[in-house]
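This report refers to the structure that appears directly beneath it.
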Amino acid sequence: MSSVILNQGTIMESEFDLWVTIYPSPTAQFIWYSDASHLHQWKACNGQPVYFVDESFSNSTPPGTIYQWAWNFDDPMSGPTTLQRCRTPRIHL
């Protein structure tokens with residue numbers, strides 16, 4: 001539990017208690033394919049697109065929902081696709 005003070009030092013000052021629940025971090029997990037139909041797992045050639053499938057999961061009880069993703073491929077040749085924020089990104093090798 002944490003106490004929060006709003007408008008401190010004014011006539012509108014108010015204090016209330018705030019209950020915060022901190023859940024365990026999720027587990028990041030994915031698989032990748034070299035084709036959109038997901039038939040060729042873990043194989044890709046230079047110049048081919050690579051498709052990622054998110055299999056990450058929450059470690060909390062009850063299970064939570066993952067709402068945000070940040071994929072950083074650290075590949076300047078990919079241009080603006082080197083950083084993607086979608087659940088299932090695609091990138092060219």
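Residue under question is Asp74, and the condition is that it be in contact with a helix residue (DSSP H, G or I) (Cβ under 8 Å, 6 or more places away or on another chain), at pLDDT 75 or above and not in a strand (DSSP E or B); does it hold? The answer is yes for Asp74.
Return the residues of the stretch 68-77 that are within 30 Å of Ile22 (Cβ to Cβ) and surrounded by fewer than 12 Cβ atoms within 10 Å (Cβ to Cβ); say none if nothing qualifies. Residues satisfying the conditions are Gln68, Ala70, Asn72, Asp74.
Beta carbons closer than 8 Å, at least 6 apart along the sequence or on distinct chains, pair a first residue in the stretch 15-26 that is among the hydroxyl-bearing types (Ser, Thr, Tyr) with a second that is modelled with pLDDT of 85 or more and part of a loop (DSSP other than H, G, I, E, B) for Tyr23/Ser58; Tyr23/Asn59; Ser25/Asn59.
Would you check which residues across the stretch 1-33 are of a type in the set (S, T, N, Q), touching a strand residue (DSSP E or B) at 6+ places or on another chain (Cβ under 6 Å) and either part of a loop (DSSP other than H, G, I, E, B) or more than 28 Å from Arg90 (Cα to Cα) (or both) and list them?
Listed by number, the residues that qualify are Ser2, Ser3, Ser14.
Once the stretch 34-67 is narrowed to residues that are part of a strand (DSSP E or B) and either aliphatic (A, V, I, L, M) or in contact with a helix residue (DSSP H, G or I) (Cβ under 7 Å, 6 or more places away or on another chain) (or both), the residue that is surrounded by the most Cβ atoms within 10 Å (Cβ to Cβ) is Val50. For the stretch 1-12, the criterion of being in contact (Cβ under 8 Å) with a residue 24 or more places away in the chain, surrounded by 10 or more Cβ atoms within 10 Å (Cβ to Cβ) and among the hydrophobic types (A, V, I, L, M, F, W, C) is met by none of the residues.
Exactly one residue out of Ser25, Ser60, Ser14, Ser34 is in contact with a Cys (Cβ under 9 Å, 6 or more places away or on another chain) and at pLDDT 80 or above, and it is Ser34. Looking across the stretch 27-36, the residues that are of a type in the set (Ser, Thr, Tyr) and either under 16 Å from the mean Cα position of the chain (by Cα) or more than 29 Å from Pro63 (Cβ to Cβ) (or both) come down to Thr27, Ser34.
The values are calculated or read from the model by the stated rules, or taken from the named source; none is laboratory data. Keep in mind the model is a prediction, meaning the values are calculated, not measured. Here Cβ is always computed from backbone atoms with ideal geometry, including for glycine, and neighbour counts include all displayed protein chains.
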